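First up is the structure itself, then whatever we jot down about it.
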Amino acid sequence: MHIRLAHLTMVMLLLVPSALPRTDNASKAKKGVVGATASSIVAAGSLEYFDVQCEQLSQQIIIKSSRTIKCKKQLSPEKHQLIVDITGLRLSGTDQEMISKKMDALKELGYIKDLAFGSDQPDATRFIFTFAPHRMVTDKENNEQAQVPNRFLIRSCSYAQSLTIDIFTEEALKKVIHKDSFIKLAANDVQRADYAPLAGSLKPLRILIDAGHGGSDKGAASHHGVLEKDITLDIGKRVHRELRDLGYQVYLTRYDDAELSLAQRTSIATQFQTDFVVSIHANSSGKPLSVANGIETFYFPAKELRNKERLDFMFVNHPADMSIIHQIQQNVHAMVNASYHLAKNIQDAVVSTVATQHKDVQNRGVKADFFRLFIKNRVPCALVEVGFMTNRQEAERLENKKYRKLLANGIVRGITSFVQAHKQLVQAAV
């Protein structure tokens with residue numbers, strides 16, 4: 001059972017939409033008007049999630065409603081304001097206080113001067129972001145502070161229940177277009193030749209295996225009480241051990257029954273500068289005993305990034321430069337493409353490996369979906385659901401050590417085939 005924003009939202013360099021529910025998984029100023037219009041009235045939902053992520057290249061704001069939203073975005077250059085009307089979201093006073101407190105991080109950086117709320121409609125909320133025209137920076141040579149103008153590129157994407165906004169400073173945009181740097185497949189950190197390890201040079205490849213759930217977050221449960229968190233930890237450890245024995249530099253998000261937040265999991269990926277992430281989960285149909293069964297693997301869907309009704313770019317106090325937008329989109333799609341191939345290699349390998357002993361294994365395929373793990377991670381990421389805890393036969397198989405070893409071996413085969421298949425692509429990228 002996976003983690004949803006129900007939002008890779010992994011942050012990626014991009015603004016990404018948020019998680020869509022799956023029927024088979026229960027857990028888890030007029031000037032300068034740009035973007036989608038709220039063409040229809042939808043029932044107002046409550047705030048499910050709000051976060052601000054401050055990274056080296058972009059500062060990301062994620063807003064998630066309990067219902068489908070429609071967004072209208074207006075840029076008012078003379079007031080240094082971005083006005084966002086979200087139909088389908090109503091905020092409580094407590095919500096507004098929490099959001100304002102989290103936005104303090106952007107105020108401290110000198111990017112945002114103020115955030116105000118309002119609405120002309122009973123089923124909508126207006127966010128008024130007022131940008132600071134200047135901010136103070138420290139000159140490293142003389143250790144003195146100087147005032148610099150704020151010039152931004154704002155990239156926003158809305159889909160289903162969420163809106164994600166990235167703010168890029170002028171300094172960050174220079175890094176984006178720097179020819180001697182390669183953005184780590186849409187990462188929010190610029191790493192020089194950082195994907196060379198996949199081609200077998202410069203440094204060892206670093207892989208992060210994420211064992212889903214843990215601690216009080218038990219995940220799904222079988223009909224007689226076996227927990228998803230225990231299944232994923234056992235498989236994760238096996239994958240970790242096999243990859244390590246093959247010579248890979250591999251990490252686990254958890255080595256025991258620890259409870260980790262999504263922020264902690266993505267922080268681990270950043271801390272170890274991992275090259276890609278594989279998250280292991282077990283599925284649930286939402287019913288104690290269900291016929292739903294099989295193995296499936298997920299990645300972030302690229303098609304939504306090309307939907308002009310959901311995706312906007314706005315320059316604030318900065319000359320419009322389409323080459324920057326093109327570069328950002330190139331890196332975003334490179335990350336998505338890598339995620340898809342990672343997911344496909346894992347799915348194919350796991351199913352074929354299991355089929356050597358269990359011919360009746362169901363291949364549910366490779367699917368696009370919106371998970372918070374994908375949104376917040378900054379590297380290629382795949383999430384594999386190794387079977388249904390709510391299916392009697394699969395639950396019993398998952399409880400068997402030999403079956404879990406088979407699954408782990410399949411995941412390892414998928415990872416190694418992904419690495420081999422992408423050597424030439426990565427060499428070209430760096």
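The values are calculated or read from the model by the stated rules, or taken from the named source; none is laboratory data. This structure is a prediction, so every number in the text was calculated from the model and none was measured. Note that each Cβ is placed from the backbone with ideal geometry, even for glycine, and that neighbours are counted across all protein chains shown.
Of the residues screened, Leu243 is not one that is outside any loop (DSSP other than H, G, I, E, B) and crowded, with 23+ Cβ neighbours inside 10 Å.
Lys113: outside any helix (DSSP H, G or I) and in contact with a Gly (Cβ under 6 Å, 6 or more places away or on another chain), yes or no? Can you show your working first?
Numbers: outside any helix (DSSP H, G or I): yes; in contact with a Gly (Cβ under 6 Å, 6 or more places away or on another chain): no.
No, not satisfied.
The set of residues in the range 103-123 being within 16 Å of Phe50 (Cβ to Cβ) and surrounded by 14 or more Cβ atoms within 10 Å (Cβ to Cβ) consists of Met103, Ala105, Leu106, Lys107, Ile112, Leu115, Phe117. Of the residues in the range 203-223, at least one is over 23 Å from the mean Cα position of the chain (by Cα), surrounded by fewer than 23 Cβ atoms within 10 Å (Cβ to Cβ) and closer than 26 Å to Phe418 by Cα.
Among what's in the range 120-160 and is touching a Phe, Trp or Tyr at 6+ places or on another chain (Cβ under 9 Å) and at pLDDT below 85, pick the residue that is farthest from Ile63 (Cα to Cα). So that I can check it myself, show each step before the final result.
To start, the set of residues in the range 120-160 that are touching a Phe, Trp or Tyr at 6+ places or on another chain (Cβ under 9 Å) comprises 125-128, 131-132, 135, 150-156, 159-160.
Keeping just the survivors that are at pLDDT below 85 gives 155-156, 159-160.
On the way: Arg155: 14, Ser156: 11, Tyr159: 11, Ala160: 11 Å.
For the range 120-160, the residue satisfying everything is Arg155.
Within the range 241-254, residues that are over 17 Å from Arg404 (Cβ atoms) reach partners that are in a helix (DSSP H, G or I) with beta carbons closer than 6 Å, at six or more positions or on different chains, in the pairs Val250/His240; Val250/Leu243; Val250/Arg244; Thr253/Arg265; Thr253/Ile268.
Across the range 241-280, what is the total count of residues that are among the basic types (Lys, Arg) and under 13 Å from the mean Cα position of the chain (by Cα)?
Applying the first criterion (among the basic types (Lys, Arg)) to the range 241-280 yields 241, 244, 254, 265.
After this cut, where a residue has to be under 13 Å from the mean Cα position of the chain (by Cα) as well, the list is 265.
Residues meeting the conditions: 1.
Which of the residues belonging to the range 398-430 are of a type in the set (D, E, K, R), modelled with pLDDT of 95 or more and assigned to a helix (DSSP H, G or I)? Show your work before the answer.
To start, the set of residues in the range 398-430 that are of a type in the set (D, E, K, R) comprises 399, 401-402, 404-405, 413, 423.
In the following step, the residues that additionally are modelled with pLDDT of 95 or more were identified as 399, 401-402, 404-405, 413.
Answer for the range 398-430, where residues must be of a type in the set (D, E, K, R), modelled with pLDDT of 95 or more and assigned to a helix (DSSP H, G or I): Lys401, Lys402, Arg404, Lys405, Arg413.
Out of all the residues in the range 319-330, is one or more more than 23 Å from Lys73 (Cβ to Cβ) and either over 16 Å from the mean Cα position of the chain (by Cα) or not assigned by TED's automatic domain parsing to the domain that holds Ser158 (or both)? For the range 319-330, residues more than 23 Å from Lys73 (Cβ to Cβ) and either over 16 Å from the mean Cα position of the chain (by Cα) or not assigned by TED's automatic domain parsing to the domain that holds Ser158 (or both): present. Looking at the range 253-268, is at least one residue at pLDDT below 95, assigned by TED's automatic domain parsing to the domain that holds Leu398 and in a strand (DSSP E or B)? Looking for residues that are at pLDDT below 95, assigned by TED's automatic domain parsing to the domain that holds Leu398 and in a strand (DSSP E or B), one finds none in the range 253-268, hence no. Apart from one condition, His281 fits all of (1) at pLDDT 95 or above; (2) assigned to a helix (DSSP H, G or I); (3) closer than 25 Å to Lys367 by Cα; (4) in contact with a helix residue (DSSP H, G or I) (Cβ under 7 Å, 6 or more places away or on another chain); the exception is (2).
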